[in-house]
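Undergrad: Can you keep this structure in mind? I'll have questions shortly.
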Amino acid sequence: MRILLTNDDGIHAPGLQAARAALSALGEVFTIAPERPRSAAGHSITLHKPLRLERLRLPDGTVGTACSGTPTDCVTLGFDVILEQRCDLVVSGINAGANLGWDLTYSGTVSAAIEGAVLGLPAIAVSLVIPRPPSDPLDYRAAADFTARLAAWLQAEPLPAGTLLNVNVPHAASETAQAELTHQGRREYVDRIETRADPSGRPYYWLAGSIREDVPDPGSDVHAVLQGRISITPLHLDMTAYPLLERLRLRPPV
Ligand code: MN
């Protein structure tokens, strides 16, 4: 099995090393990740400047590739240049932080897996839910074990074209933690913008905010991780709202 492993936290992120170690039992792991943290890069690609790849030795002694571009660039270049288009699985993660609900389109982690699906490859995104209060260092073991189990399962159960799996693992998940198949939930933020003043008195802004603590709907990714279960959400690239399409066909807007 030839596995392309990437992330959006950067080539030096502990979650990437944890995933690499767990996946190495399944085959050859090719690590290609952004040279610096690129969280919230979404599905962006680099068009207006050259992209560089640099091979380097990772903390575990293996060789990886740092890429000057985005997580999506990593998958594109990794597939073509590093794996020479021979790839069985794309794994993105393990991200330091959940990727749930409406956050998915911001996520570089999920977007890298989406790019895997765009290339016609089986793809999974894996994120570790950071506990509150945060634990330092984060413990990736349960998430890494689950990533390897899921990757092994995917060998026998290929996903349909244009689909991928988004996985979120609670921080304290044990080996026996239950996994739940979920749908994408809602995640809304309050107080999103923090305004401050620079030394000359001009305002500047931080995007911040806290998550609105609604009662999440059962069956959703948000609900599953709140209950301490591993969430697996199947996603597809087709963002069409089919019920709305049907309604608009009955009452066309134009
Ligand atoms: Mn990240």
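The values are calculated or read from the model by the stated rules, or taken from the named source; none is laboratory data. Note that this is a predicted model, so its numbers are computed, not measured. Ideal geometry is used to build each Cβ from the backbone, glycine not excepted, and the neighbour counts take in all protein chains shown.
Undergrad: Any idea which residue in the stretch 143-172 is farthest from G116 (Cα to Cα), counting only those that are among the small types (G, A, S) and free of Cβ contacts under 8 Å to residues at least 60 places away in the same chain?
TA: Among them, the one singled out is A172.
Undergrad: Which residues, counting only those in the stretch 3-17, are within 14 Å of the ligand (Cβ to nearest atom) and outside any loop (DSSP other than H, G, I, E, B)?
TA: T6, P14, G15, L16
Undergrad: Specify the residue that is farthest from the ligand (Cβ to nearest atom); the eligible residues are those in the stretch 30-50 that are aliphatic (A, V, I, L, M) and touching a Gly at 6+ places or on another chain (Cβ under 9 Å).
TA: For the stretch 30-50, the residue satisfying everything is I45.
Undergrad: Continuing with the same structure: Taking the conditions exactly as written (basic (K, R), closer than 24 Å to D103 by Cα and touching a residue at least 60 places away in the same chain (Cβ under 8 Å)), does R86 satisfy them or not?
TA: Considered against the rule, which asks whether it is basic (K, R), closer than 24 Å to D103 by Cα and touching a residue at least 60 places away in the same chain (Cβ under 8 Å), R86 comes out as no.
Undergrad: So which helices (runs of 4 or more DSSP H) stay within the stretch 135-254 end to end and still have 1 or more residues that are among the hydroxyl-bearing types (S, T, Y) and within 25 Å of I94 (Cα to Cα)?
TA: 141-156
Undergrad: With the checklist (1) under 25 Å from R186 (Cα atoms); (2) more than 16 Å from the ligand (Cβ to nearest atom); (3) surrounded by 19 or more Cβ atoms within 10 Å (Cβ to Cβ) in hand, flag the one item L154 doesn't pass.
TA: So L154 meets the others, but not (1).
Undergrad: Look through E175, E194, E188 and report the one residue that is loosely packed, with under 14 Cβ neighbours inside 10 Å, touching a residue at least 40 places away in the same chain (Cβ under 8 Å) and closer than 25 Å to D9 by Cβ.
TA: E188
Undergrad: Right, another one. What number of residues in the stretch 80-120 are surrounded by fewer than 22 Cβ atoms within 10 Å (Cβ to Cβ) and more than 15 Å from the ligand (Cβ to nearest atom)?
TA: 13
Undergrad: Please state which of the following conditions S68 fails to meet, knowing it meets all the rest: (1) touching a residue at least 24 places away in the same chain (Cβ under 8 Å); (2) surrounded by fewer than 15 Cβ atoms within 10 Å (Cβ to Cβ).
TA: (2)
Undergrad: Condition first: touching a residue at least 60 places away in the same chain (Cβ under 8 Å) and of a type in the set (A, V, I, L, M, F, W, C). Can you find one or more residues in the stretch 207-226 that meet it?
TA: Yes: the stretch 207-226 contains one or more residues that are touching a residue at least 60 places away in the same chain (Cβ under 8 Å) and of a type in the set (A, V, I, L, M, F, W, C).
Undergrad: In addition: Could we say that N95 is part of a strand (DSSP E or B) and polar (S, T, N, Q) here?
TA: So N95 fits the description; yes.
Undergrad: If you scan the stretch 122-138, which residues turn out to be more than 16 Å from the ligand (Cβ to nearest atom) and either at pLDDT 95 or above or crowded, with 24+ Cβ neighbours inside 10 Å (or both)?
TA: Within the stretch 122-138, P122, A123 qualify.
Undergrad: Does any residue in the stretch 98-110 that is modelled with pLDDT under 95 come within less than 6 Å, Cβ to Cβ, of a residue that is basic (K, R) six or more places away or on a different chain, and which pairs are these?
TA: Once the first residue is modelled with pLDDT under 95 and sits in the stretch 98-110, its partners that are basic (K, R) give G101/R186; G101/R187; W102/R187; D103/R187.
Undergrad: Within the stretch 100-129, count every residue that is among the β-branched types (V, I, T), in a helix (DSSP H, G or I) and under 23 Å from R86 (Cβ atoms).
TA: Looking only at that region, the number is 2.
Undergrad: Among P234, P216, which is the only one that is surrounded by 10 or more Cβ atoms within 10 Å (Cβ to Cβ) and touching a helix residue (DSSP H, G or I) at 6+ places or on another chain (Cβ under 9 Å)?
TA: One residue alone meets the criteria, P216.
Undergrad: Can you report the number of residues in the stretch 11-47 which are crowded, with 17+ Cβ neighbours inside 10 Å and either among the β-branched types (V, I, T) or on the phi > 0 side of the Ramachandran plot (or both)?
TA: The total comes to 5.
Undergrad: If I filter the stretch 158-169 for residues that are modelled with pLDDT of 95 or more, touching a His at 6+ places or on another chain (Cβ under 6 Å), under 28 Å from T46 (Cβ atoms) and surrounded by fewer than 19 Cβ atoms within 10 Å (Cβ to Cβ), do I get at least one hit?
TA: Yes, that holds for at least one residue.
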